[in-house]
Structures are given as structure tokens and as C-alpha cells.
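One structure is given below, encoded as C-alpha cells.
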Amino acid sequence: MEEKCIETIKNLCKKYEGNPYMLQRIDAHINTSLETTLQNEEQTREKRIVRTNTLTQEQQIFIQVFLSKNNYFYLAHNNCFYEYDNNHYNVVKEDDILHKLLTTISQDRVLQDWKYKTKNNIIKQIKERNLLQSVPNSATIQAVLKVLHPAWFPSKDHAKHFLTMLGDNILKKNQDVNYFVYGKAKQLVALIDTTAYITIGCANVTRNFIKYHESHQYANSRLLHMNDVNESTLDANLGLDMLCVATHYSNRYDNADGYLRTKAGDSLKKYVLFLKNNTQESIVDAFCSEMLDIPSETNHGDEHKTYQIKWKHMHYLWKMHHSNLFLPNMMYLNTFKQLLSAKFEYNEASDSFLNVTSKHLPLIRSFIEFWEQNMVADLGNELEIDEICVLFKSTNSCLPENEVLKILKHFFPNVELMDDKYALNISCVKWDKKGDIRSALISMKEEYHAKNEGLLISFDAAYTFYCNLFNSKHIVSKNYFEKYIYQNMNEFVAFDAFITSEWYCCGC
């Protein structure tokens, strides 16, 4: 560079060798003002470097502090911004972020000249912070788990496994794995799908929640135990929390199978991997071992006794076995029947399996016999399931409500059930519900007529009178009692909860 400068000066001197004025100017520029000019430029540059370094450092500190106090995240596929307040995740508008950002920068005098440069830098960094890679704190995780357990899942372990699996689906991991769901969770599954689409723009995140189809390989199948949830709601913000916790678990444990390996208890691991660790044959073998009995040689040789199980009863035992182990449907009935036919003699004419019995059948048959002998069609009447249990218990047998419901649904599909609580348009010959109420009202009417005080009779007082009269017998529910009054004494009902004096004053 030195040689180049010398050469330039020589060329200039040569160019103006006949021009004293220009030679004088060359001398003045080089020997008088050049050093001062260079010194000024050096000082200006040093000041600029110091200022730039100061602003850069101030900007870095500002960005660091701003992003630590304001946990903003972004999803590129739906162009949405999110904010995490250390308790809940929320969708936030970009304009709100910009307003807060520019307002905060305005309070920093040092960064005034770099206001928009800082703003652009922060927005760029926010867009690099993927919501699905965020780490929620313990309070958020526990709040989500509190929603899932015990309402949706039988244990926290089940809930955490579900969250990890849901995170896998959102992050598109293990797409060949299918989950067979145990429990009535159709509305809940739809709700999760809707929430994911609305909040993070991901569609069909429960795509691998399936019913059984034999094209699915057991090796790629897992079980998912969800409680029966007929009605469920999920707040949008809490739903977003759940999805973020789900992706956090998926990132933390790699995938749902990773959670099973490293965190899950043995019972959950055994349950989830039940299909993976079994075959159709081994599952049917376990069913036979648990639910069926082979008659002893002595009984088997009794010519007057034939042991058999009709297919409809065998099917019920199969469903009972599934229910006891919380297993969803995992095999077509035809396949199950074929596998059983290979083990036991099958009589096609009677649709029965021969030389086999079950310790579970006598009670089931007893209830079926009780129902067929004592239940009659009665339009407009109803029996509560717990009332049916009490009536059946009077035969010295006992079944829980859920088992009675299963028997009715399987063996008596024409019985109309409402809310799994009422059997409609049916009555029991062992109990005249309406007759008992009618008898109680006649007695009460006589008593109030004798007093003739002209007072209203509350439904509560009428029901108490009825209960006291039949305290050693079956008692109808208060709801059924009031419904009877509305249907049979509506002209004497006042204020929706009282019987008028005209009812008992008009004679007995």
C-alpha cells in the first residue's frame, strides 16, 4: 500500500509539473492537512465503534431480559404467536407483542436510535422459539394431570403415558403405532382433536385411536385405558396447556414407548404392551383358563348330564373377560369362534360348545331366568337399575348395577335403557310401584280429610308419608313419586311442589 501511495503522488506531481498552483495544493493536502484529517477520521471511527459496542451490548442485555420476562413462542405452520405466563399458555396477537416491545424499548434511552432494529431482532428470535419445544413448569404440568386424573384416566401413570403418546402424534413420531382405546371416550377424543386444530393448527391428532381391525398387526398395537367419559368440556387455554405438556413429555422421553421403558410401572407397561406381547391364540388360551371349566371325568361320564355353553353365553363371557381386564375389542367374533372350535366340540345345530362349563354362568342364568319370569311390558312405567338389583337380590342372588346393565344390553337388546340408569316401559310382577303410591296417597288423604285444616301438602311431606308407610318394603325414588303425582293428580298441584286442600276435602 505504501508503494501504491508513493506511485500515486509521483503520478500527480508528474501530471501537474507545469502547474505551480496544483503542486502547491498537493503539498498542502499531503504535508499540512492529511495527518489532521486522518486523526479526525480515526477518532470518529473509534467513537462509532465504542457507541456500536455499547448499543450492541445494551441490545443484547435488553433482548435477554425482555425474552426472559416475556415467554413468547411461535408456530410457523399456522403463523401464530403464543405467550406463557409460567402458569398457562395463551394465543397472543403479533400487534400486542409489538406494542409491548416498543413501549418497553421507549423506556430505554440508550436504545432509542436502535428501536426498530431491536424490535426486528426480537421478533426474529421469537419466531425461532418453537412452541412445541417449550418446557412448561411443574405447576402447569400438575394442573393438566389434575384434569386428566381421575376424571379421564384411572391413574396419573396412565395420564402421563397418554400425554406422551399425544405428543408423539403432534410431532409426527411413531406413525405406525395404533392405540386400541378401552372406555367410552368418543366425545373426549373428538374434543382433543378440535382443541388441537383450534389452538395449534394440528388436525387429526388422535388419528391412531382405533377400533379393532384384523389388518392391524399386534406388534404395532398398544392399549389405551380411558375412563367412560360421555360428556366432557375442555377450556381452550387449558387445552393448549395439555398439548404443550404432551409435546414436552414426547421430547423428554423420546416417545411413548420410551416413557414405558424409563418411567412407567410394571402394571401399566404390561397393560399397554398386552397386544404386542401376545397372539390371538395366547389371548384365547388365557380366556379359557380364566373363564371356562372342563367337567371332571366323573361328571363327564354322567349320561344324564350334558355340559354345554351356548354361543350367546360364550360371547358374554368373552366380553366379561375383556371388561375384567379393561381390554378393548381386539378380535373379530368369527375369529374368536374359530379358535374356540379348535379347542372344544361345537354343535352347530344348537350353536353350543360341548363338554365345557363356567363358574360365572349360574348367576348370569339366574338373572336371565328372573327377568323372563318377572318382567312384563308396561308402557310409561320405568324401573331404575338399582331397583332391579334389589328385586333380584330378593331371590337370594346379587349382582352389581354395572353387571346388570351388561346383561340387559347383551341378552335383552330390545329393552329400552336411558342414561344407563333406567329401564323404560317395563315393570316387575314382584312390585307394584304405582299401586304402593296409590295406596299411600289414599291413606294420607283419609288422614288429612279427618283433620280438614285446609293446608297445602308439600311433595316432601307426601313422600315422607309414603316412605314411612312402606319402610319395610321397596321404596320408589322421590323423582318417580313426584312424576306419579303430576301424571295422576295434576289438577290438584299448586306452585309445582304442593298438593291443594281440594284434593283431600272433596271426600275419600
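Please treat every number below as a calculation from the coordinates, not as lab data. If you're wondering where the values come from, they're calculated on a predicted model, not measured in any experiment. In this analysis, Cβ positions are derived from the backbone assuming ideal geometry, glycine residues included, and neighbour counts consider all displayed protein chains.
Here are some values of Kirkwood radius over Cα pairs in Å: [x] 40.3; [y] 31.3; [z] 23.4. Which one was computed from this structure?
It is the value labelled [y].
What are the residues whose amide H is under 5 Å from the amide H of Ser458, where those residues sit 5 or more places off or on another chain and H is modelled from the backbone?
Amide H neighbours of Ser458: Ile499.
From the cross-link list Lys269/Lys312; Lys69/Lys93; Lys156/Lys211; Lys312/Lys478; Lys270/Lys409; Lys160/Lys312, which pairs have alpha carbons spaced over 27 Å apart?
Violating the 27 Å limit, Cα to Cα: Lys269/Lys312; Lys312/Lys478; Lys270/Lys409; Lys160/Lys312.
Between Ser215 and Val390, what is the FRET efficiency for a Förster distance of 45 Å, r being their Cβ-Cβ separation, to the nearest 0.05?
0.45
Find how much the distance from Tyr332 to Lys172 grows on full extension, using 0.36 nm per residue of separation minus their present alpha carbon separation; answer in nm with one decimal.
Result: 54.6 nm gained on full extension.
Explain nothing, just compute: Karplus ³J(HN,Hα) = 6.51 cos²θ - 1.76 cosθ + 1.60, θ = phi - 60°, for every residue of segment 393-405 in order, whole Hz, x for Gly and Pro.
5, 5, 8, 6, 10, 9, 9, x, 4, 5, 6, 4, 4
Using amide H atoms built in the peptide plane, which far-off residues or other-chain residues are under 5 Å from Tyr89 H to H?
Amide H to amide H, under 5 Å and 5 or more residues apart or across chains, Tyr89 pairs with Asp241.
From the phi of every residue in segment 365-375, what ³J(HN,Hα) in whole Hz does the Karplus formula 6.51 cos²θ - 1.76 cosθ + 1.60 yield, where θ is phi - 60° and glycine or proline is x?
Per residue, the Karplus-derived 3J(HN,Hα) values read 5, 4, 5, 4, 5, 4, 5, 5, 8, 10, 9 Hz.
State the antiparallel share, in %, of DSSP beta bridges confined to the chain, rounding to the nearest 5.
Percentage antiparallel, nearest 5: 80.
Out of the GluC sites (Glu not before Pro) in segment 381-483, which ones are loop residues according to DSSP with at most 14 other C-beta atoms within 10 Å?
Glu416, Glu453
Counting only residues 5 or more places away or on other chains, whose amide H sits under 5 Å from the amide H of Cys80 once H atoms are built in the peptide plane?
Long-range HN contacts for Cys80: Leu75.
So if R0 is 25 Å, what FRET efficiency would Lys343 and Asp266 give, r being the distance between their Cβ atoms, rounded to the nearest 0.05?
Once rounded, the FRET efficiency stands at 0.25.
In deg cm²/dmol, rounded to 500, what helix-only [θ] at 222 nm does the chain give when every DSSP H run of at least 4 residues adds -39500 (n - 2.57) and the total is split over its residues?
-17000 deg cm²/dmol
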